[in-house]
Amino acid sequence: MSYILLTGGAGYIGSHTALELLNAGYQVLSFDNFSNSSDMALKRVEQLTGKQIVSLSGDIRDETALRQLFTDYNISAVVHFAGLKAVGESTQIPLHYYDNNVAGTVTLCRVMREFNIKTLVFSSSATVYGDAKKVPIPETAERSATNPYGQSKLMIEHILEDLVCAEPDWGITLLRYFNPVGSHDSGQIGEDPNGIPNNLMPFISQVAVGKRDELSVFGDDYATHDGTGVRDYIHVVDLARGHVKALQYLEKHRGIEAINLGTGTGYSVLDMVNAFSRVNNIAVPYQIAPRRAGDIAVCFAEPTKAKTLLGWQAEKTLDDMVRDSWRWQSANPNGYNN
């Protein structure tokens, strides 16, 4: 029996991907330090699928623990989610982000090479495009970063490109996510951030459920149709299925490919607020606040490459995204700590 190793497998995207992998017939091994996740997510995935997950606690920077993991289990490929991901926080504690994200990835790859496991799906980000000169953004766009989080993802991309250049028998996909939202339609697993949410949709949901008084909209003076920032929001289930397609692609291909996972459509912050209120019939009070450091005006994907190479495209609608977000939050007002 061989396993797909998910680093950070208990997290928001990791748990949804675990579910999709199990449904596709794979065996899943999760390795997570639970700094921003809950083992309850994986227990619920097991309940939803009727299949088992091996869940182990550990940190990707711990080379000894990783080596033991690869010794004890027959691992065929790695999907690498583990990483810190808050843009604002990264501007305040950049060294922590570089240590966790960059050094952790180097350690992981070193151990993978030692055990001759050279298939990797990497959780990258649209932040590697920085403040893109044009949208929609293709994979060939110039890369830069406007904050340490994005810089850490960009550094890792360069490291993995150099690795494949030196050792062409690696197969790596760099999946550049746009903005994941929503939850599994059961409402049993979803986004459960520690403390104050850094992302828009969990904040909207927490305001709607009464955990927070109002939403802060960071900036209303961007060059967009309503002055608020525009992003490409993608349903997390679509995103998770993209990882399954990426693994299947790597079963037949070596080398490295960067692939956008997005819808190709941009929605503003106020578009999301209004859609949430309309679909779920619940008010979301908000106030306009100053812009956040590191934020940009507009960012949405050119998603054609994913369809061409992986046979994948986003299928869920904006209404699905806001409906499933509320289904998760209303059923789990305190997240996994219910």
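The values are calculated or read from the model by the stated rules, or taken from the named source; none is laboratory data. On a predicted model such as this, the values are computed, not experimentally measured, just so you know. When we count neighbours, we look across all protein chains shown, and the Cβ atoms used for this are built from the backbone with ideal geometry, even at glycine.
The table that follows gives values for the structure above.
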read-out: Criterion: part of a helix (DSSP H, G or I) and surrounded by 23 or more Cβ atoms within 10 Å (Cβ to Cβ) - qualifying residue of Thr64, Thr105; value: Thr105
read-out: Residue in segment 322-335 that is in contact (Cβ under 8 Å) with a residue 24 or more places away in the chain, touching a Ser or Thr at 6+ places or on another chain (Cβ under 7 Å) and closer than 23 Å to Val128 by Cα present; value: no
read-out: Failed item, numbered, when Gly264 is tested on (1) closer than 24 Å to Asp220 by Cβ; (2) modelled with pLDDT of 95 or more; (3) part of a loop (DSSP other than H, G, I, E, B); (4) touching a Phe, Trp or Tyr at 6+ places or on another chain (Cβ under 7 Å); value: (1)
read-out: Hits in segment 239-254 (condition: closer than 12 Å to Leu310 by Cβ and either among the small types (Gly, Ala, Ser) or assigned to a helix (DSSP H, G or I) (or both)); value: Arg241, Gly242, His243, Val244, Lys245, Ala246, Leu247, Gln248, Tyr249, Leu250
read-out: Qualifying residues in segment 71-102 (those that are small (Gly, Ala, Ser) and either in a helix (DSSP H, G or I) or over 16 Å from Asn36 (Cα atoms) (or both)) - the one modelled with the lowest pLDDT; value: Gly88
read-out: Residue among Leu174, Leu163 that is in contact (Cβ under 8 Å) with a residue 12 or more places away in the chain and surrounded by fewer than 23 Cβ atoms within 10 Å (Cβ to Cβ); value: Leu163
read-out: Any hit, segment 300-310, residues being in contact with a Leu (Cβ under 8 Å, 6 or more places away or on another chain), assigned to a strand (DSSP E or B), over 29 Å from Arg44 (Cα atoms) and among the hydrophobic types (A, V, I, L, M, F, W, C); value: yes
read-out: Residue within segment 137-160 that is over 21 Å from the mean Cα position of the chain (by Cα) and in a helix (DSSP H, G or I) present; value: no
read-out: Filtered residues of segment 140-153 (kept if under 21 Å from Asn101 (Cβ atoms), of a type in the set (D, E, K, R) and either at pLDDT below 95 or surrounded by fewer than 20 Cβ atoms within 10 Å (Cβ to Cβ) (or both)); value: Arg143
read-out: Residue check, Ser216 under 27 Å from Pro138 (Cβ atoms) and polar (S, T, N, Q); value: no
read-out: Options Val284, Val273, Val322: the member that is under 19 Å from Ala223 (Cα atoms) and among the aliphatic types (A, V, I, L, M); value: Val273
read-out: Residue list for segment 161-193, filter: assigned to a loop (DSSP other than H, G, I, E, B) and either at pLDDT below 95 or more than 28 Å from Pro136 (Cβ to Cβ) (or both); value: Glu167, Pro168, Asp169, Trp170, Ser186, Gly187, Gln188, Ile189, Asp192, Pro193
read-out: Lone qualifier among Ser55, Ser15, Ser30 - being more than 19 Å from Gly150 (Cα to Cα) and surrounded by fewer than 24 Cβ atoms within 10 Å (Cβ to Cβ); value: Ser55
read-out: Selected residue [out of contact with any strand residue (DSSP E or B) (no Cβ under 6 Å at 6 or more places or on another chain), under 30 Å from Ile93 (Cα atoms) and of a type in the set (Lys, Arg)] from Lys307, Lys252, Lys245, Lys211; value: Lys211
read-out: Flag if Ile204 is over 18 Å from the mean Cα position of the chain (by Cα) and assigned to a strand (DSSP E or B); value: no
read-out: Hits in segment 177-214 - residues which are crowded, with 21+ Cβ neighbours inside 10 Å, aliphatic (A, V, I, L, M) and farther than 25 Å from Ile259 by Cβ; value: Ile204, Val207, Ala208
read-out: Criterion violated by Thr308 - all others in (1) without any contact (Cβ under 8 Å) to a residue 60 or more places away in the chain; (2) surrounded by fewer than 19 Cβ atoms within 10 Å (Cβ to Cβ); (3) in contact with a Phe, Trp or Tyr (Cβ under 9 Å, 6 or more places away or on another chain) satisfied; value: (3)
